[in-house]
1. Might you report the magnitude of the Cβ-based charge dipole of region A:160-285 about its Cα centre, with Lys and Arg at +1 and Asp and Glu at -1, to the nearest 20 debye?
2. If the elastic network links every pair of Cα atoms under 10 Å, which of A:154, A:121, A:143 fluctuates the most in the Gaussian network model of chain A?
3. Kirkwood hydrodynamic radius, chain B, all distinct C-alpha pairs: what's the number in Å?
4. Using Cα springs under 10 Å in a Gaussian network model of chain C, which residue among C:225, C:45, C:60 shows the largest mean-square fluctuation?
5. Taking the C-alpha atoms of region C:124-255, how large are the radius of gyration and the largest Cα-Cα span, Dmax, in Å?
6. Please report, for residue B:137, the nm distances (one decimal) from its label point, 7 Å out from Cα along the beta-carbon direction, to the equivalent points in the remaining copies, shortest first.
7. Going by average Cβ neighbours within 10 Å, how do the peptides A:261-273, B:82-94, A:16-28 rank, with the highest at the top?
8. Please compute the contact order of chain B in relative form: average sequence separation of alpha-carbon pairs under 8 Å and at least six residues apart, divided by the residue count, as a percent.
Amino acid sequence: MSGARSERLVDEDAAVALLESGMTIAIGEPTPMALVRQIVRRELRDLVVIASGLALDMLIAAGCVRKTLSYYAGGGFGVPVAPSFRRAAERGDIEVWECDEGILTSGLEAAGKDLPFLPWRGGVGTSLPAVNPDLKLITDPVRGETLLAVPAIRPDVAILHAAQSDAFGNVQHHGGPGWIDLFLQRAATRCIVQVERIVSNEAIRANPWATTIGRADAVVRLPWGAHPWYSRGWHVQDSPFLADYVAAATAAAERDEREALERWLDHWCREPATHTDYLERVGLRRLLALHEY
Amino acid sequence: MSGARSERLVDEDAAVALLESGMTIAIGEPTPMALVRQIVRRELRDLVVIASGLALDMLIAAGCVRKTLSYYAGGGFGVPVAPSFRRAAERGDIEVWECDEGILTSGLEAAGKDLPFLPWRGGVGTSLPAVNPDLKLITDPVRGETLLAVPAIRPDVAILHAAQSDAFGNVQHHGGPGWIDLFLQRAATRCIVQVERIVSNEAIRANPWATTIGRADAVVRLPWGAHPWYSRGWHVQDSPFLADYVAAATAAAERDEREALERWLDHWCREPATHTDYLERVGLRRLLALHEY
Amino acid sequence: MEADMTADCSIAELLACFIARDLNDGEELQVGIALPIPEAAVRLAHLTHGPNMELIFLGARMNVHHLDHLPMPAFGWDNRVVRWTESFSDRGHRFDQVKDWHRRVFFVGGIQVDPHGNTNLIGVGEDYRRLRFRGPGSVGTPTLTTHVGRYYIVLNSHTPRVFVPRCDFISTVGWGEGGADARRQLGLPGGGPKYCITPLCIMDFTEDDKRLRLKSLHPGVTLDAVRARTGFDLVIPDHVPETAAPSAEELRMLRSRVDVTGALRRM
Amino acid sequence: MEADMTADCSIAELLACFIARDLNDGEELQVGIALPIPEAAVRLAHLTHGPNMELIFLGARMNVHHLDHLPMPAFGWDNRVVRWTESFSDRGHRFDQVKDWHRRVFFVGGIQVDPHGNTNLIGVGEDYRRLRFRGPGSVGTPTLTTHVGRYYIVLNSHTPRVFVPRCDFISTVGWGEGGADARRQLGLPGGGPKYCITPLCIMDFTEDDKRLRLKSLHPGVTLDAVRARTGFDLVIPDHVPETAAPSAEELRMLRSRVDVTGALRRM
């Protein structure tokens, strides 16, 4: 009748072009590693990140991070504390906005609701308000209880990894969107989602209840884009690959031996120009072996 | 190995036995009319209700309601204002806790989060805090903005209508759970769900993302249990049936002619001992005619 | 024949076409229940010039620009309206992304409207405990109108009982006590009411004081009639045009692809 | 042969069986990542005496009592753990029904623990801006331990560096400054920590002061060893029993139906 509906499907370059130095970038889980690698490759700087695990550690190792809103930087990939995070935090190279999951989601919810703050109980009695002065103790106006006032957290961009989307940004996760992805999407000014595959609009409408994000600002098809992390419903994590990173990052953090880490970042982040280049380096055999779901 | 998993599937009598005079009962939408009729039939009194439309008006007409947390009592079934609600409110026969949808959901969310209150912006500048002194104007501790502090709303029981459940209380709606059902479920001490059909646990596990309520306290199979209201994915509303009620309730409210209304309540609520008795009165032909989805 | 078609255009049809023309591609259009004129308007706009509009009915979000026609089942209160859904706003929490409502457009009714576009759905009377007329309640309008980019006040009648110098109760804040920064001072991020639309006329708001101003009169309606049926002094510009009639094409689209049962013609 | 089986039981196996026995049917058991002992415990309890237990891993809720065995993939951090899901807690908002957590049981680790069961995952050092050891952060433990019915502190090591008179930072409040009403005074609705479980012993809390008290010593561990490796004075009852060994049946269940790869035996 009068023009056609605009697509929100973009290519890798266009997606990364939405990210800039100095931004607050929120990184979902399952982790959108393809976009994270591009952040390293393009040498974005002074980022404020909401992230954990490999993505957080790699971005710190590559010098991209000024500040992290941090609830957890450990476990998950085989070390008690992510090595680059640990070193940078101990030296004061990065600023840490200390919180927990309930505080973080409260701040994100406040942003989504266009409220300056939300109250939260978890954290009362702990050191969190002492080490993070943004968390104010308040007396609630109804029953006089002591609560934390968590200020709104407003990321510039959320980057997420999901199972599928149509060309119009209707995203559907498999097996749940991870614990924080929807909070990030609702709070962020823009949302970029990398997906395993693009499906028809009809496929979305056939099960609209499964639509987890109704209008992503950009979707980009990046199959295996969460590697070496897992992708829900598609493949498991690549544990030996993660162990390689941890070894290199630990040597850099604990013994100031940065060579292996820089080699790792060069080989896996800086040299491959595209995600497909990266996947070719990983190798099809290795990728397919992760598919025992 | 050691006993079996307990079922949460109960019959109609056992479900209604969980409801008592004086309780705060939250009624979902699509409306669990079969349980609402039983409330009338069993003459529960002094209820505080969260409800709208036919359920609200019928419960007021039958003298069950002391107070209503009310965001909307109109439209929907063919009148600008629900007639029995209007008369009772104007005469002061019921107490009205005036709110809007955003305020109501904020109070329900506060209850689910075990917080004494949540702040909300919608309603600032309106008469709501003046007519409902429970809504306090506060100055937010972060940016000094004026907001409403909405106290937690804690229903004793939520009663809902949904598409299906397994015997263990894993409930799945079709086409969305209505705008408020999940807020009610999260806030209420107990949750009773009437469903169109019972499915196997395997059917639930085949699509766990569709599970909207993970552990209803009781589920009861009441096919066509939302009649004369609609049941998402099953049947449309029975508009002539609703018009009959409206005519009777309007005569009672505006002209003090209660005869038709009492006859209506007798015939459709007080005389049928069970939901099946009710359905027999409605007639299979009429029920099947609503199925053009 | 086309001339005939526009000549017998009903006021409801006129208003639906007026609103439709005022909606922009890319906007998110939310219509509550029992508002047939806005419901027809957003469907018409979507089909005629809104390939990127999104319609929100009963918590379901859809883009159905590609469909041949968008009939109106029971004006929003028929669940079949969700058949075209792409996603549900009630998947999570309905009000958890209000920060993005700046691109949303909404419609409100009212039992009273004051000179600054504040409206009342609560009731009429001095004493809240003894109302002369108990209204339906404010539904989601306080929350929606606080945040949406703009909204329209759409009324079924235009009488001094509706247009009052002061609402007995305010359920949605338009421009408060008046003034271009009235909403900012109250901390309301949304853009406020744009037009007030009645069976007699269309009104907008003055730029400085944000007071209701006559914008156009519907065919056959006199200025005196509007004055007589408004309970306060409207701002009247020197020249008040007639509300622009729909084009034959708009009417054809409305009647053949949206209001196929002729509900608006019978209103 | 069964005697042999219990004789070569590892400490990790002993603790998994101890915890499993302490879990009640009908409870909701949430285990975070990298906690193999609690993970084995909840699976074992579910199979042996918990037909109405619900397990929560990675935001997925399941009841898998009917399955033959519940292997432990990568201790929680392998998404295949959600294969048995009945519902997802992250469908809406993860923390929107904490009011019902009184029937939930949780497990926390810590890099420091003080005499009242307060724990620290933030870091070690006097100055938060220059920590000697930066910890991983508190994950969801402040929120979970505020609300859950009870929780267990489960540690991989028992040294004076872990058991300190005062945590440098507190990420989860156990019993605060002590006293049976310490949590009530802080407004924390949850039941607090029940046991503190280490490779050497099991501790509970005194009823009045809520101070850590030795409850049982693991086989081969002396009282002096525990005293020497605890950085403050534990309350020591007159009689301290040995931690009860698992039954042959429990061990058989654990090894054949839960820890089929022998991960706990190798710890």
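1. Working: 13 positive and 16 negative charges, 116 e Å.
The calculation lands at about 560 debye.
2. A:143
3. Values: mean 1/r = 0.0505 Å⁻¹.
The answer is 19.8 Å.
4. Its mean-square fluctuation being the largest, the pick is C:225.
5. Looking at region C:124-255, its Cα Rg and Dmax stand at 16.3, 51 Å.
6. 3.0
7. Numbers: A:261-273: 16.4, B:82-94: 22.3, A:16-28: 20.1.
So the order, starting with the most tightly packed, is B:82-94, A:16-28, A:261-273.
8. RCO, chain B: 21 percent.
Each value in this text was obtained by applying a stated rule to the coordinates, not by laboratory testing. Here the structure is a predicted model, which means the values were calculated and not measured. Using ideal geometry, Cβ is built from the backbone for each residue, glycine included, and neighbour counts are taken over all protein chains shown.
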